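Below is one structure, written out as structure tokens, with a few remarks after it.
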Amino acid sequence: MNNNQKEPEAILKELTLDEKIGLIHGAQLFQTAGVERLGIPPLKMSDGPMGVRQEFFPAEWRPAGLSDDYVTYLPCNSALASTWNRECAYDIGSVLGEETRGRGKDVILGPGVNIKRSPLCGRNFEYFSEDPYLTGQLAAEYIKGVQAWDVAACVKHFAANNQETERLWVEVEVDEQSLREIYLPAFYDAVKKGGVHTVMGAYNKLYGEHCCQSSFLLEKVLREEWGFDGVIISDWGGVHSTDDAALSQLDIEMSVTSDFDDYFMARPLKEKIESGEISVEVVDQKVLRILKLMQKLHVFDGRRKSGSYNTEEHRQKALKAARESVVLLKNDSKLLPLKPDKLKRILMVGENAQRLHAAGGGSAEIKALYEISPLMGLKSHLGGNVQVDYAQGYCRSIDEGQDTQAGNWQETSLENGGQGLRADNRETAEKDKLLEEKRRKLRGEAVKLASENKYDAVIYVGGLDHEHDCEGNDRPDMKLPYGQDILIKELADARKDLIVIMVAGSPVEMEEWIGQVDTVVWSWYAGIEGGNALADVLFGNVNPSGKLPETFYKTHTDCSAHALGEFPGGKTVAYKEGSYVGYRYNDKYQVEPRFCFGYGLSYTEFKYSDASLKTAEKQICCTVENTGAYDGSEVVQVYVRKEGSKFFQELKGFAKVFIKAGERQQVTVQLEETWENAVYCIGSSSRDIRLMVNSL
Ligand code: BGC
């Protein structure tokens, strides 16, 4: 039978209680039951956001081991945010949407829009920014891109899910005003501007309730205030009570165990309905929303797009975003861009030059079709006439080769109270000693090579990997692991012109060596074409235009969550810093970051002039001239200083423009509103304000 002509209300009437219950909870790890006799398919979900995750066995956290589930590996959301480019966000969303559909799924579990409260949160690489406006702007475009393919995005994790430590139980203590100023707006934008079809609740507690069954978050804020009529899905294992979940606005319960019939919204709920304790209408509302979602996705009418995966176009879009995400942090002696015709022999040092990152990080792991490492990107860019030598320099463990994460981490991470695997993996003292020796040896070899006069350039590639940028764990501090600080210092002693490249998903401390090094490039986990994008920037085929979407503190204690509030807290975590998060805190408390929010250099220079405010159109206009020798893109940022505001300034608009060398352009930055008695500051970063317009 098919339901082509039937409306969800009519379909609902035909369903038995068992069938209804089957639609509102997981019947496998990533899908619901569906009702075959009525042509209602299961709702199939997959993790994102860096691509569509590989297939798992239906009831086991074990990859199914297929050869048809390789996908385009997309830049992580921190990288995407670094582009400050709404078009890139749409394009990457659209690749993800097309691949989600291409893999036969209905819901992609992303994007994550949690605010980066502390640089130490293990999942920050999955999130966009410390700033709600930047997050919301990019996430809304991303969601539109995903949903153009008749699949649903699932914005997550709603809300105030800003750490991994004790993630299943921690109670977040944040005052409602700060919650609404900092932690909710990106979700609001996802709903109101992005039109997101589904929302995932968070694991943590807020105001005494688990977020996945919270009356405050789900009913008051999401349904009543924002008018969200889509589907609310629990995080996996985020439900804790049949009554609370059923009576909340949650629509689908998902979890990590295979006792699907025992889920809170499965048999236990059915029994309560049969005994009259809970009204069947509660379930009907949920089922109706799920059927309406299927209708929106054209599940019933035969007009659904088919999607596709691993296309050339997808790789090109991933490459473009990766190129735009690279941030040039330091280029004091203008060593970059490198000129290939002046190079005969290059030394690349550091394990991240050849490490592949796609398969790590937790639920964001991806089975990439391929991943171009920095070393491969450099070599393929230069070809055979330049000799590229490689020295490992440091290592992660004593075992040779790539050490991958142990399987079943997701199940385990929930079983041991939300903590991931790192605690179980602690090296013994004996192993530590051997590791230390191995690192000393690798360091010695690399520094010796770098000291020999045979190299035209020495490039260090270090940073983090998914051992640190990882779901289930927060970092203890921002220090570079594996003895990299000392290695970089020794390399910089050997080569004054050392080029340092950091590949990571969250900022690291650079204080020990930053004064000694003139050239620093930041690359995030940049997806399938990451190494090629990096080479394009190093050799000037692409002029860097990435801007930091978060503050790079000198050390983590400079960040407000640590200086004023608690992180990670214990059973509770107090957000005593209130709304003073990221640059809002730095401005107010005069904290000098290592690199500020919105910062990023170019190979060219941009001169700003002639600013004006068009109140009726809600626009800021100015002229930007590329006065340097390279074509390039600039992100024109507008920060508003409102009279009487507790914030010194807030990002309220931005526009990314490409300008050829020697040319000038009229730039219009669209705002969402304008304010009387405000100063509109136009600049190249939050601390490089070039022009001001006054509406006083
Ligand atoms: C994560 C979610 C993810 C889900 C399904 C949870 O542990 O918090 O982000 O989508 O698992 O894998």
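The values are calculated or read from the model by the stated rules, or taken from the named source; none is laboratory data. Note that the structure is predicted; figures quoted are calculated from it, not measured. Counting neighbours? That spans all protein chains shown, and the Cβs are built from the backbone with ideal geometry, glycine included.
Evaluated against (1) in contact with a Leu (Cβ under 8 Å, 6 or more places away or on another chain); (2) free of Cβ contacts under 8 Å to residues at least 24 places away in the same chain; (3) at positive phi, residue 618 falls short on exactly one condition, (2). Restricting 324, 313 to residues that are buried (at least 16 other Cβ atoms within 10 Å of the Cβ) and outside any loop (DSSP other than H, G, I, E, B) narrows the list to 324. Checked against the criterion of being farther than 28 Å from residue 485 by Cβ and not polar (S, T, N, Q), the candidates 578, 565, 582, 546 yield just one match: 578.
For segment 128-163, the tally of residues that are assigned to a loop (DSSP other than H, G, I, E, B) and closer than 27 Å to residue 686 by Cβ stands at 9.
Determine if segment 240-250 includes at least one residue that is within 16 Å of the ligand (Cβ to nearest atom) and either within 26 Å of residue 569 (Cα to Cα) or surrounded by fewer than 24 Cβ atoms within 10 Å (Cβ to Cβ) (or both). For segment 240-250, residues within 16 Å of the ligand (Cβ to nearest atom) and either within 26 Å of residue 569 (Cα to Cα) or surrounded by fewer than 24 Cβ atoms within 10 Å (Cβ to Cβ) (or both): present. Contact annotation: residue pairs with Cβ atoms under 7 Å, 6 or more positions apart or on different chains, pairing a residue in segment 190-207 that is closer than 25 Å to residue 471 by Cα and in a strand (DSSP E or B) with a partner that is within 11 Å of the ligand (Cβ to nearest atom) and among the polar types (S, T, N, Q), are 201/234. Restricting segment 208-239 to residues that are part of a helix (DSSP H, G or I) and touching a strand residue (DSSP E or B) at 6+ places or on another chain (Cβ under 8 Å), which is nearest to residue 574 (Cα to Cα)? Among them, the one singled out is 211.
For (1) polar (S, T, N, Q); (2) part of a loop (DSSP other than H, G, I, E, B), each residue gets a yes or a no:
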residue	(1), (2)
13	no, no
28	yes, yes
50	no, yes
67	yes, yes
73	no, yes
89	no, no
94	yes, no
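Within segment 98-112, can you find the residues that are within 12 Å of the ligand (Cβ to nearest atom) and in a loop (DSSP other than H, G, I, E, B)? Within segment 98-112, 110, 111 qualify.
Residues that are under 26 Å from residue 153 (Cβ atoms) and within 16 Å of the ligand (Cβ to nearest atom) were ranked within segment 258-283; the one that is surrounded by the fewest Cβ atoms within 10 Å (Cβ to Cβ) is 260. Based on this model, can you work out whether residue 139 counts as touching a Pro at 6+ places or on another chain (Cβ under 6 Å), within 16 Å of the ligand (Cβ to nearest atom) and at pLDDT 95 or above? For residue 139, the condition - touching a Pro at 6+ places or on another chain (Cβ under 6 Å), within 16 Å of the ligand (Cβ to nearest atom) and at pLDDT 95 or above - is met.
Screening the candidates 319, 291 for the property of being assigned to a helix (DSSP H, G or I), under 23 Å from residue 195 (Cβ atoms), in contact (Cβ under 8 Å) with a residue 12 or more places away in the chain and of a type in the set (A, V, I, L, M, F, W, C) yields one hit, 291.
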